[in-house]
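Colleague: Here's a structure for you.
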Amino acid sequence: MSAGDFDERVVTVPLRDVRAGSSSGAADRAMSLVREHLAQHFSVGEDAVRLDPSINEAIWADGRASPPSKLRVRAARFEEEGERIVEAEHAG
């Protein structure tokens, strides 16, 4: 793997949009929003984004109805078996 195949950065994912709907499923929508945000910023499909359990724990820490308004995530994009993959973990 050459240096051009690996891209790592810390991204702040805004989660304020999850508060627009009902509060009962806010954490579920926040998980989807993190995946969408990373897929868009790393130019991969949503199915190519792998989230570490630490992200799940950070979003669900205060319960289903009150996820954080933003989340810092350390993400790395690399090639695996000819496919671009993004792996992300909580950077807080």
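The values are calculated or read from the model by the stated rules, or taken from the named source; none is laboratory data. In this text, all values refer to a predicted model and were calculated from it rather than measured experimentally. Don't worry about glycine lacking a Cβ; one is built from the backbone with ideal geometry, like all the others, and counts go over all protein chains shown. Note: accessible area is taken over every heavy atom of the protein model, side chains too, but ligands, DNA and RNA are not part of it. Shrake-Rupley method; radii C 1.70, N 1.55, O 1.52, S 1.80 Å.
Colleague: What do you reckon, is R9 outside any loop (DSSP other than H, G, I, E, B), over 22 Å from R77 (Cβ atoms) and among the basic types (K, R)?
Modeller: For R9, the condition - outside any loop (DSSP other than H, G, I, E, B), over 22 Å from R77 (Cβ atoms) and among the basic types (K, R) - is not met.
Colleague: Identify all residues within the range 64-83 that are among the basic types (K, R) and either closer than 14 Å to L33 by Cβ or not in a strand (DSSP E or B) (or both); write none if there are none.
Modeller: Hits for the range 64-83 are R64, K70.
Colleague: A further question on this structure: Among the residues of the range 44-78 satisfying the criterion of being open to solvent by 30 Å² or more (accessible area, probe 1.4 Å) and small (G, A, S), which is nearest to A88 (Cα to Cα)?
Modeller: Checked the range 44-78; the qualifying residue nearest to A88 (Cα to Cα) is S54.
Colleague: Filter the range 30-83 for residues that are of a type in the set (S, T, N, Q) and more than 16 Å from D7 (Cα to Cα) and give the result.
Modeller: Within the range 30-83, S32, S54, N56, S66, S69 qualify.
Colleague: Give the residues of the range 1-43 that are charged (D, E, K, R), in contact (Cβ under 8 Å) with a residue 60 or more places away in the chain and either more than 18 Å from G92 (Cβ to Cβ) or surrounded by 19 or more Cβ atoms within 10 Å (Cβ to Cβ) (or both), sorted by residue number.
Modeller: D5, D7, listed by residue number.
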